[in-house]
1. Residues being open to solvent by 70 Å² or more (accessible area, probe 1.4 Å) and within 36 Å of the chain's Cα centre (by Cα): count how many of those fall in the stretch 581-595.
2. Kindly provide the set of residues from the stretch 352-367 that are assigned to a strand (DSSP E or B) and either more than 14 Å from M139 (Cβ to Cβ) or more than 27 Å from the chain's Cα centre (by Cα) (or both), ordered by number.
3. Please go through the stretch 487-546 and give me each residue that is assigned to a helix (DSSP H, G or I), more than 24 Å from the chain's Cα centre (by Cα) and among the polar types (S, T, N, Q), ordered by number.
4. Pick from the stretch 548-580 the residues that are open to solvent by less than 40 Å² (accessible area, probe 1.4 Å) and small (G, A, S): which of them is farthest from G194 (Cα to Cα)?
5. Any residue at all in the stretch 171-194 that's among the charged types (D, E, K, R) and in contact with a strand residue (DSSP E or B) (Cβ under 9 Å, 6 or more places away or on another chain)?
6. Any residue in the stretch 362-375 that is under 27 Å from Y303 (Cα atoms) and within 16 Å of the ligand (Cβ to nearest atom)?
7. What about V673, is it β-branched (V, I, T), free of Cβ contacts under 8 Å to residues at least 60 places away in the same chain and farther than 30 Å from T269 by Cβ?
8. Checking A329 against (1) in a helix (DSSP H, G or I); (2) within 15 Å of the ligand (Cβ to nearest atom); (3) open to solvent by 10 Å² or more (accessible area, probe 1.4 Å); (4) of a type outside the set (K, R): exactly one of these is not met. Which one?
Amino acid sequence: MFLSSRVFLVLLSGLALAGCDAGPGQSTGANEAGHSAPTASTAKANQQVLEQRPFDNREDFENARRGLIAQDPDLVIGHLNGGEVWNMPGYAFIDSEGENAPASVNPSLWRQAALNNIHGLFEVTQGLYQIRGYDLANMSIIESDTGWILVDPLTARETASKAFLFAREHLGEKPVRAILFTHSHIDHFGGVQGVLQHLSDDEKANLRIIAPAGFEEEATSENIIAGPAMTRRAMFMYGKRLERDDRGHVGTGLGKGPAFGTFGFAAPTDIVSETGTELTVDGVTMVFQIVSGSEAPSEFTFYLPEQKAFCGAELVSRNMHNLYTPRGAKVRDARIWSGFIDEARNLFSEAEVYFASHHWPLWGQDNIEDFLIRQRDTYKFIHDQSVRLMNHGATPRELAENLQLPPALNKDFHNQGYYGTVSHNAKAVYQHYMGWFTANPSQLNPLPESESAKRTVEMMGGAQKVLAQARQEFDAAADMDVTEGRNTYRWLAELLDQVVFADPDNRDARALLANVYDQLGYQAESGPWRDFYLTGAYELRHGAPEEGIKPAMMREVLLHTPVSLFFDSMAVRLNADDAEGKSTTIKVTFTDLQESYLLTLQNSVLHHRKISDDTSADATLKLTRPLFVDILVGNAGLKELLFSDDLSFEGSKLDLIGFFRMLDKPEGRFNIVTP
Ligand SMILES: [Zn+2]
């Protein structure tokens, strides 16, 4: 019954669109942000999805609502410096059952977005609770003999504080005895200070912070070297610039999105390095499994024998995860990942409840077993079949096009590409083994994009001619079958990208390409794909952002970064042209750490090594690590500091200022959809 009403709704919106369909490249029917109306072809494609997924299966909705204790209908969380970091009412345009997808959203993604809208405090099983929908990740709460054990205190101080206070309000005020960081990604530890701020000195003094081996180094260094590029790309991946509406961001598959608030850190007191390690924390027994090298470089899962509860951390989740993260990251090893899921299944086969760092729990041994097997096989299938085809000569594009999950793995929702996709994960497998080169010599040394595009467009008869034909194709797509229509959009995206890269001032080309991106975004089942396409469309219409994400946001995390990594991150900012022909040595002494390092500039390369205090250098700088971090993130200017008492200095001030001037300050706002 409800299926047919949904089909009808989608049909209706498709028809309404056909009636007011404007010419391609025009923005008639566009919303305020400029996003064009879904075309008839897109409406048809999204309608077809209703037949491809088992929408009648409502178990996920039951599980996502099970055990609800309390919900805050006005869940809006402000940033410490003003503005908002979290706004759940902003997603109220998504119907609570996820059944009424508009033509501009893939119904499968819409459903996942509705599930991720279900927020509040939930009882998972006796003595085990979760706060969901207060951030990208979940905070889990385990009742211990005399207090609480918290698992994964969210991304930001603001959201973690709000979540913690909400839980305390409804569960009662008891001391926090331990915090677990399941892995080194910031959505699982960045909010820790938001919890710590509410604890008494006594609680803090006795608090155990438990993390997997390698946590501190991985957590504080993941985004240091390539941070500016990753955060800029994250704006695309998480739709940071998009409105929350049916032509904008609906969710990121894994959750609503990360809270861009105040990030923090706290050093672990207990490190778990071996699978099978058993800890008893305030009367609660936990058995750990180390899964580092799967979803994160430092990660564990754990089992609570008394509750028969398995915390899967992010080893498994209710969607297909990323082997390659489109914001940019080192690729993950699907073979190892799948192996760890199998190990978890064997180790914790008694589990009667599964809960994790994202999404809702699962109850029942058989359900958990089935879920783990199919998650395991999803990653192994993608790995094995990608390698098989690669060994037959398939290129990454061919792999992505030809690989599909087998029917047995395709019959539920949790293997679907709401976050990762078969397409980009297959490419990740290729990249893991082969890197960027397909061995086709035409790809060995191609011209940069703009140069190649200029020559191509010229040989095709110029931009006008290409655009005229592209418009015809765009129109024609409306009458094509779904696959052909989508493939036409995919090809037009590539073609028009060349016209834009040949001449970024060509407004018609930008407008038509933006319309093409809109359609690809509306059809995407993956949250990040939707956000990439729609952000691309947005930036073609409105340009790159005026401001990047400020590095100062990472200040608290950087304070715990191994010093050696700071210097590595300085070295990748050295402007080689400015450094040409210069050589110098600078001694940096951290007065609080009582450590000295020698920086050597030579051959346009910056090296560093730890030295004894009596080593001489051209200049010596003495300061504290926090002050050094402030200089690095731009909170403090070296020039001003040289004339203050906060640091001491020997040698030529001009030389030192000259040295720091050779370091770029990447702004994280570079162009992506234009040259
Ligand atoms: Zn996460």
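The values are calculated or read from the model by the stated rules, or taken from the named source; none is laboratory data. Just so it is clear, the model here is predicted, and its values are computed rather than measured. Positions of Cβ are generated from backbone atoms using ideal geometry, with glycine treated the same way; all protein chains shown enter the neighbour counts. Surface accessibility is based on the protein's heavy atoms, side chains included, excluding ligands, DNA and RNA. Shrake-Rupley method; radii C 1.70, N 1.55, O 1.52, S 1.80 Å.
1. The number of residues fulfilling the criteria is 1.
2. Of the stretch 352-367, the ones assigned to a strand (DSSP E or B) are 353-355, 362-363.
Residues satisfying the conditions are V353, Y354, L362, W363.
3. Listed by number, the residues that qualify are N487, T488, Q498, N515.
4. A579
5. Taking the stretch 171-194 and keeping what is among the charged types (D, E, K, R), we get 173-174, 177, 187.
Subset that is in contact with a strand residue (DSSP E or B) (Cβ under 9 Å, 6 or more places away or on another chain): 174, 177.
Taking every residue of the stretch 171-194 in turn, at least one turns out to be among the charged types (D, E, K, R) and in contact with a strand residue (DSSP E or B) (Cβ under 9 Å, 6 or more places away or on another chain).
6. Here is the first cut: in the stretch 362-375, the residues under 27 Å from Y303 (Cα atoms) are 362-375.
Adding the requirement that they be within 16 Å of the ligand (Cβ to nearest atom) leaves 375.
The answer is yes; a qualifying residue exists.
7. Details: β-branched (V, I, T): yes; free of Cβ contacts under 8 Å to residues at least 60 places away in the same chain: no; farther than 30 Å from T269 by Cβ: yes.
Against the criterion (β-branched (V, I, T), free of Cβ contacts under 8 Å to residues at least 60 places away in the same chain and farther than 30 Å from T269 by Cβ), V673 does not qualify.
8. Only one criterion in (1) in a helix (DSSP H, G or I); (2) within 15 Å of the ligand (Cβ to nearest atom); (3) open to solvent by 10 Å² or more (accessible area, probe 1.4 Å); (4) of a type outside the set (K, R) is unmet by A329, namely (1).
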